[in-house]
Amino acid sequence: MRILHISDVHVQMDYDADSWRRMGWRRMAGQLELKLARRARRYVKAPETIGRLVEEGLRQGADHVILSGDLTALAVDAEFEAARKALGPLADRPDLLTVVPGNHDIFTPGSRDKKRFDSWFGHLLGSDLPELRGEGAWPHVRLVGEDVAVVGLCSARVPLVPGIASGLVGEAQLRSLEKICADRRVRGRSIHVVVHHAPLRWDGSVDRRDHGLADARALIDVCARGGVAAIHCGHIHIRYAWQVPGGPMVVGGGSSTWLGHEGYWLVDAEGGRLTGLQNMALAPLEAEVEAPAGLVPTTG
């Protein structure tokens, strides 16, 4: 069984064409970050890159696709619509695609209250074990073939002020995850947990408080006790893998559409364990804008 893992694709709209007043003060602050840090330039080709990533991953034999959050930049409908369109027919296949929201997908109280992520991708949040949900649609479980169980968690929360990008899974989801791992329908499978915020960074350390996962250690402990094979995450814009001693592999999906750093993971599982892990770069089509020098960790 082969999994394609992509993350932080950050589809964005043309903000200059919309009214700053209508976007609200939180998005105005977010747009300033995109412009001043030149982050918007990294994702000018995001929609077409998503299509290429999916096409190449399926050509490489992927049986299931994981997208670990941050589909958008500022959680507006136009961005969600473009992200769904970029995924093509895959966007209508909950049996083939697992998606969780990132902090950029629940960017404002309005986007949360209007359930904007759910309105575009809620049809993918059905669970094969619905009685084991703990918080709304979460966790949701997809039993893939005979060997794999994919469990989606939500760590995205609206920050009190812009600039705080931390996340929280919460006790309700963690209790449910423990029950899922112990369930007879899941035991013996390779369990892959999907969450946006990374529980550990590329060097095995916990991320800083304003950016990381508040209950990172608790999530790792539950996964270790439950025999989870891998935690697929995003938020940190480099691809990396870190093996927790006696626990899961943390697979950081990076930012798959970052211009000049496009790429993905291919993860193989069989007999209830990981059998392969490939960090794949997507070759550029042709002359594109100059990419940032080096592969420097950035915030998500």
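Just for the stretch 142-153: of the residues that are in a loop (DSSP other than H, G, I, E, B) and either more than 18 Å from the chain's Cα centre (by Cα) or without any contact (Cβ under 8 Å) to a residue 12 or more places away in the chain (or both), which one is nearest to GLY188 (Cα to Cα)?
Looking at residues that are in a loop (DSSP other than H, G, I, E, B) and either more than 18 Å from the chain's Cα centre (by Cα) or without any contact (Cβ under 8 Å) to a residue 12 or more places away in the chain (or both), I get ASP147.
For residues in the stretch 99-129 being in a helix (DSSP H, G or I) and either among the hydroxyl-bearing types (Ser, Thr, Tyr) or in contact with a strand residue (DSSP E or B) (Cβ under 6 Å, 6 or more places away or on another chain) (or both), which is surrounded by the fewest Cβ atoms within 10 Å (Cβ to Cβ)? I'd like the intermediate steps shown before the answer.
Within the stretch 99-129, the first condition is being in a helix (DSSP H, G or I), and the residues that meet it are 103-105, 109-113, 116-124.
Going one step further and asking which of them are either among the hydroxyl-bearing types (Ser, Thr, Tyr) or in contact with a strand residue (DSSP E or B) (Cβ under 6 Å, 6 or more places away or on another chain) (or both), we end up with 104-105, 111, 119, 121, 124.
Working: HIS104: 25, ASP105: 27, SER111: 24, SER119: 11, PHE121: 22, LEU124: 24.
Applying the filter and picking the extreme gives SER119.
Can you tell me which residue among ARG38, ARG22 is outside any helix (DSSP H, G or I) and modelled with pLDDT under 80? Step through it out loud before you land on a result.
Values: ARG22 fails: outside any helix (DSSP H, G or I).
Going through ARG38, ARG22 in turn, the sole match is ARG38.
Is the stretch 51-59 home to any residue that is at pLDDT 95 or above, part of a loop (DSSP other than H, G, I, E, B) and within 14 Å of ILE3 (Cα to Cα)?
no
Of the conditions (1) under 17 Å from the mean Cα position of the chain (by Cα); (2) at pLDDT below 95, VAL161 fails just one. Which one is it?
It is condition (1) that VAL161 fails.
Please go through the stretch 216-237 and pick out each residue that is farther than 25 Å from ASP147 by Cα and either basic (Lys, Arg) or open to solvent by 20 Å² or more (accessible area, probe 1.4 Å) (or both).
So the first thing to find is which residues in the stretch 216-237 are farther than 25 Å from ASP147 by Cα, and the list is 216-218, 235-237.
Those that are farther than 25 Å from ASP147 by Cα and either basic (Lys, Arg) or open to solvent by 20 Å² or more (accessible area, probe 1.4 Å) (or both): ARG217, ALA218.
Out of all the residues in the stretch 130-141, which are closer than 30 Å to MET13 by Cβ and assigned to a strand (DSSP E or B)? Show your work before the answer.
From the stretch 130-141, those closer than 30 Å to MET13 by Cβ are 135-138, 140; that's our starting set.
The answer is GLU135, TRP138, HIS140.
If you check HIS261, HIS211, HIS192, which single one turns out to be open to solvent by less than 10 Å² (accessible area, probe 1.4 Å) and not in a strand (DSSP E or B)?
Testing whether each residue is open to solvent by less than 10 Å² (accessible area, probe 1.4 Å) and not in a strand (DSSP E or B) leaves just HIS211.
Please count how many residues of the stretch 60-98 are at pLDDT 95 or above, assigned to a loop (DSSP other than H, G, I, E, B) and surrounded by 24 or more Cβ atoms within 10 Å (Cβ to Cβ).
Adding up the residues that qualify gives 4.
Would you check if SER205 is open to solvent by 10 Å² or more (accessible area, probe 1.4 Å), within 17 Å of the chain's Cα centre (by Cα) and of a type in the set (Ser, Thr, Tyr)?
no
Of the residues that make up the stretch 190-207, is at least one touching a Leu at 6+ places or on another chain (Cβ under 6 Å), farther than 25 Å from ALA75 by Cα and modelled with pLDDT of 95 or more?
No.
Please count how many residues of the stretch 42-78 are within 15 Å of the chain's Cα centre (by Cα) and of a type in the set (S, T, N, Q).
The qualifying residues number 2.
The values are calculated or read from the model by the stated rules, or taken from the named source; none is laboratory data. On a predicted model such as this, the values are computed, not experimentally measured, just so you know. As a convention, Cβ positions derive from the backbone with ideal geometry for all residues, glycine included, and neighbour counts pool all protein chains shown. Note: areas computed on protein heavy atoms with side chains; ligands, DNA, RNA excluded. Shrake-Rupley method; radii C 1.70, N 1.55, O 1.52, S 1.80 Å.
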